[in-house]
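Peer 1: Let me begin by handing over the structure; questions about it come next.
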Amino acid sequence: MSYILSIETSTAICSVAIHNEGKLIANSDLYLEKSHSNSLTPLIEQLLHHCDLQMRDLNAIAVSSGPGSYTGLRIGLSTAKGLCYALEIPLISISSLDSMTTQVLNFHKGDNSIYIPMLDARRMEVFYKVSDEDLVDVEKMSNLILNENSFNNHLNKYKRIFLFGNGAEKAWELLKDQSEKFIWIDKVNPSAQFYGEMALKKFEKEQFEDLAYFEPNYGKEFYSPKSKKKSFLDLNR
């Protein structure tokens with residue numbers, strides 16, 4: 001048996017799950033803004049308790065590789081790394097975008113379709129990728145400023161183009177009149193419960209991350225605005 005704990009913190013939703021041989025045993029999603037730092041560890045402890053498991057029973061930990069919230073990803077990764085180091089088990093990374101596509105594929109698969117998960121990057125920008133029904137990249141993860149022509153290059157190749165994620169609504173408003181091939185699916189978010197098969201495949205192939213050097217793909221460079229407060233040095237100039 002291989003028990004894998006999955007952690008997803010790339011958005012405002014704090015999500016954890018436990019899979020055994022890729023099959024979901026239990027999951028918990030907390031829809032509460034800015035709760036990751038205080039809630040993640042208790043969620044993990046509660047989930048293990050409900051599954052009658054101990055930390056030592058875990059064989060690996062899967063964590064979001066991004067894109068998404070800088071702070072959320074940092075909290076999730078630091079927690080995952082700390083557990084992996086203490087338990088001497090491997091770290092597996094999973095794309096937040098792939099976790100959304102996996103959940104959509106449970107209900108909308110085949111028929112010459114492509115899948116475009118999007119995470120909001122503010123204003124008209126999104127983080128996105130394009131995948132086929134086998135989760136093979138058609139376009140690799142990137143950031144994009146949306147316009148009326150976004151993804152029109154796929155219209156002649158595919159019968160259906162699914163748009164989903166918290167950045168997809170603003171894409172839908174621009175694209176819904178371009179073609180009936182565009183289909184918007186609401187309320188699809190990254191969730192650890194959909195990590196199972198992807199994490200198991202990486203576990204079996206020993207596709208592990210380096211605990212010392214692995215960093216998430218934030219989608220773009222993190223920017224921290226300069227504080228307007230005067231520092232001690234400024235006040236003494």
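The values are calculated or read from the model by the stated rules, or taken from the named source; none is laboratory data. Treat the numbers as computed from the prediction; the structure is a model and nothing was measured. Neighbour counts are summed over all protein chains in view; Cβ atoms, including those assigned to glycine, are modelled from backbone coordinates with ideal geometry.
Peer 1: With over 16 Å from the mean Cα position of the chain (by Cα) and touching a residue at least 40 places away in the same chain (Cβ under 8 Å) as the only criterion, which of Pro90, Pro42, Pro67 stands out?
Peer 2: Residue meeting the stated conditions: Pro90.
Peer 1: Would a scan of region 8-23 turn up a residue that is among the polar types (S, T, N, Q) and part of a helix (DSSP H, G or I)?
Peer 2: Within region 8-23, the first condition is being among the polar types (S, T, N, Q), and the residues that meet it are 9-11, 15, 20.
Imposing the further condition that a residue be part of a helix (DSSP H, G or I) reduces the set to none.
No: zero hits.
Peer 1: Moving on. Please determine whether any residue of region 203-223 is farther than 22 Å from Ile7 by Cβ and either among the charged types (D, E, K, R) or surrounded by 15 or more Cβ atoms within 10 Å (Cβ to Cβ) (or both).
Peer 2: Within region 203-223, one or more residues are farther than 22 Å from Ile7 by Cβ and either among the charged types (D, E, K, R) or surrounded by 15 or more Cβ atoms within 10 Å (Cβ to Cβ) (or both).
Peer 1: A further question follows. Applying the selection to region 101-142, what residues are crowded, with 20+ Cβ neighbours inside 10 Å, under 15 Å from Ile161 (Cβ atoms) and in contact with a Gly (Cβ under 9 Å, 6 or more places away or on another chain)?
Peer 2: Ile116, Pro117, Met118, Val126, Tyr128
Peer 1: Name every residue in region 77-119 that is of a type in the set (S, T, N, Q) and in a helix (DSSP H, G or I), in order of residue number.
Peer 2: Result: Ser78, Thr79, Ser96, Ser99, Thr101, Thr102, Gln103.
Peer 1: Can you confirm whether Ser15 is of a type in the set (Ser, Thr, Tyr), within 20 Å of the chain's Cα centre (by Cα) and surrounded by 15 or more Cβ atoms within 10 Å (Cβ to Cβ)?
Peer 2: So Ser15 fits the description; yes.
Peer 1: Which one of these is assigned to a strand (DSSP E or B), out of contact with any His (no Cβ under 7 Å at 6 or more places or on another chain) and in the same structural domain as Phe107 (by TED's automatic domain parsing): Glu133, Glu139?
Peer 2: One residue alone meets the criteria, Glu139.
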